[in-house]
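K.L.:
Structure provided below as structure tokens; questions to follow.
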Amino acid sequence: MKLGWDHAFLLVVVLSAAYSTSFLFVNEGMWWDEAVYLGLSHGLMEGHYSLYSGTSVESFRQPLLPLVLAALGIDTVFPSRVVVLLFGLATIPLVYLAGRRVYGRTEGLMAAAVFASFSQFLFFQSKTLTEPLFTFFFALSLLFLYGHKKIAHPFLAGVATGLAFMARYPGGILFPIYALWLLKKSGPRSAAAFVSGSLVGLIPLFLLGTAYYGNPFGGLMTSLTIVTGLQPDPWYFYAARAAETFGPLALAVLAGATLEVTRRRPSLFLTICAVAVLTLSLQTHKEVRFLVAFFPAFALVAASWWRLAPNNRQFIALGVVAMCALSLSAANDRVAGDFDGGKALREAAEYLKTLPEGAILSEYYSSAYPPGGERAINKSVYAVNPWIEVLAGKEVLVFPKDPAHLSEITARYALIYDFEPVVPEYAAAYAREHYAKLRSFSQWGKPEAVVVYEIQGSR
């Protein structure tokens, strides 16, 4: 029976891998962050970590994904998504190996099946985003901590943790957790080796921070300033969103965590999960995706359900397989619901790329004006419209707060979009009245979700 459940968990992993791969061929849209990371990759290939040479526009972003894409010579949508998918898929065997080393073969397979089935992870794995890179190096760090003597090494664990941090800044919680764990388990020499490895892994971050902000942690500090300035969320955000975050597999995670606590056998994995939830809950701005990065640890905690309840293993295995199936179904719905997210802007960018050169006047994708945007955006911290800036390769300016300042701006085209909060409010009506419509693009049932205009007299 045990061998049979091993095969069942392995089958879940295989089905999940095939399922997630299929998402590559149906995702027509593109998120803001995806466009930014592609733009940063293109910038690195031209010798600068920014959307524009000589500026620090979006340079505060975690650099690992752009560095990887640039090293591979990739700055386009589909190839970048293939790379991200491969990192996500490669995380699965690492979770298995970590679980097998600490608990056993079946527990490792169960953890791998749970991780591979998290619907939120499958969703973010379908885009050019940073979560899969973080999970890969996070799981790799666990393997270097727990692995067989031939591969276990605190220095390498430090390097992997440093790389993970460069993929997702919240991964910074791993540094003190690992250092204290090694100090207690193996002594100061191992902890020092881990710290040394971490510094080596962080060298690219230090170099970019110094180059663009004047100090090694400039990008990180800028990112923290931006996040803390966003709309605050309640402290109980993650508790209220547990079902959304973990889906049906929340039950498996909760069961494993409960057994670890009640049996007084808390694991390093549970410690990471607890610290992640606590730290992210204290942060003012919260998103489900922030917790997604730590899914390898949550999957390994779920495996404790099998480990610590030996008398109910048939029930547990059947329940976990059923939860995985439901979670995969939820992933399909989640991805399908966002197949065309940003599709109209992506198509508009591809259209604008075919037009003669000229700057583009655009609304701003926010409910508040960007710094310096009261008249015309100055290239400072943020992108204005990365779909257009990156895919079309054209300069984008923001409609000024006061239309009286429009005469100060030299632009050939204007772009208006009918979704998300945008500023300024007058832009859409002004463009319809004063500019010549060139083409419109549909999305989410809106035939004019995005409209491109030509500004008369701009040629």
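Read the figures in this text as sums done on the coordinates, not as results from a lab. Please read all numbers here as calculations on a predicted model, not as lab measurements. Ideal geometry is used to build each Cβ from the backbone, glycine not excepted, and the neighbour counts take in all protein chains shown.
K.L.:
Taking +1 at the Cβ of each Lys and Arg and -1 at the Cβ of each Asp and Glu, which of 414, 383, 447 sits farthest along the dipole of segment 343-454 towards its positive end, judged by Cα position relative to the Cα centre?
P.N.:
447
K.L.:
Under a cut-off of 12 Å between alpha-carbon atoms, report the aspartates and glutamates in cross-link reach of residue 353, not counting same-chain residues fewer than 8 places apart.
P.N.:
Partners within reach: 389, 395.
K.L.:
Kindly put 140, 282, 40, 11 in sequence by how many other C-beta atoms sit within 10 Å of each C-beta, fewest to most.
P.N.:
Least to most surrounded, the residues fall as 282, 11, 140, 40.
K.L.:
Can you list the trypsin sites (Lys or Arg not before Pro) in segment 142-219 that are in a DSSP coil and have 12 or fewer other beta carbons within 10 angstrom?
P.N.:
Within segment 142-219, the qualifying trypsin sites (Lys or Arg not before Pro) (loop, at most 12 other Cβ atoms within 10 Å) are 149, 150.
K.L.:
Please go through segment 11-51 and write out the GluC sites (Glu not before Pro) that DSSP classes as loop and that have at most 16 other C-beta atoms within 10 Å.
P.N.:
28, 46
K.L.:
Still on this structure: What percent do you get for the relative contact order of segment 1-133 when only Cα pairs under 8 Å and 6+ apart count?
P.N.:
32 percent
K.L.:
Just to be sure I follow: if Rg is taken over the C-alpha atoms of segment 1-98 and Rh is the Kirkwood radius over the same atoms, what is Rg/Rh?
P.N.:
Value, to two decimals: 1.14.
K.L.:
Could you tell me which residue out of 118, 257, 24 lies farthest along the dipole of the chain toward its positive end? Charges go on the beta carbon: Lys and Arg +1, Asp and Glu -1, centred on the Cα centre.
P.N.:
The residue sitting most towards the positive pole is 257.
K.L.:
Using 32 Å as the Cα-Cα cut-off, could you pick out the over-long pairs in 127/446; 343/401; 127/185?
P.N.:
Violating the 32 Å limit, Cα to Cα: 127/185.
K.L.:
Let me ask something additional. Please list, ordered by chain and number, the residues whose modelled amide H lies under 5 Å from the amide H of residue 443; skip anything fewer than 5 residues away on the same chain.
P.N.:
449
K.L.:
Jot down the per residue volume, in cubic angstrom and as a whole number, of the convex hull over the alpha-carbon atoms of the chain.
P.N.:
141 Å³
K.L.:
Also, quick follow-up: Under a point-charge model restricted to the Cβ atoms of Lys and Arg (+1) and Asp and Glu (-1), what is the dipole moment magnitude of segment 343-454 relative to its Cα centre, in debye to the nearest 20?
P.N.:
It works out to roughly 220 debye.
K.L.:
Just from its helices, what would the mean residue ellipticity at 222 nm be for the chain, if runs of 4 or more DSSP H residues each count -39500 (n - 2.57) and the sum is divided by every residue, rounded to the nearest 500 deg cm²/dmol?
P.N.:
Mean residue ellipticity at 222 nm (helix-derived): -18000 deg cm²/dmol.
K.L.:
Let me have the relative contact order for the chain, percent, based on Cα pairs under 8 Å that are six or more residues apart.
P.N.:
With pairs under 8 Å counted, the relative contact order is 17 percent.
K.L.:
Along the charge dipole of the chain, which of 67, 219, 13 sits closest to the positive end, that is, farthest toward it, with unit charges on the beta carbon of Lys, Arg, Asp and Glu (+1, +1, -1, -1)?
P.N.:
The residue sitting most towards the positive pole is 13.
K.L.:
With a ≥ b ≥ c the root eigenvalues of the C-alpha gyration tensor of segment 178-280, is it rounded (a/c under 1.5), prolate (a/b larger than b/c) or oblate?
P.N.:
In terms of gyration-tensor shape, oblate.
K.L.:
Something else now. With +1 on each Lys and Arg Cβ and -1 on each Asp and Glu Cβ, and nothing else charged, work out how big the dipole of the chain is about its Cα centre, in Debye to the nearest 20.
P.N.:
In total the dipole reaches around 2200 debye.
K.L.:
Also, quick follow-up: What are the GluC sites (Glu not before Pro) within segment 293-364 that DSSP puts in a loop, where the Cβ has at most 10 other Cβ atoms within 10 Å?
P.N.:
357
K.L.:
Would you mind ranking 5, 235, 305, 387 by Cβ crowding within 10 Å, fewest neighbours first?
P.N.:
Result, fewest neighbours first: 235, 5, 305, 387.
K.L.:
Aspartates and glutamates within cross-link reach of residue 286: Cα-Cα under 17 Å, excluding same-chain residues under 8 positions apart?
P.N.:
Candidates past the 8-residue exclusion: 33, 131, 233, 244.
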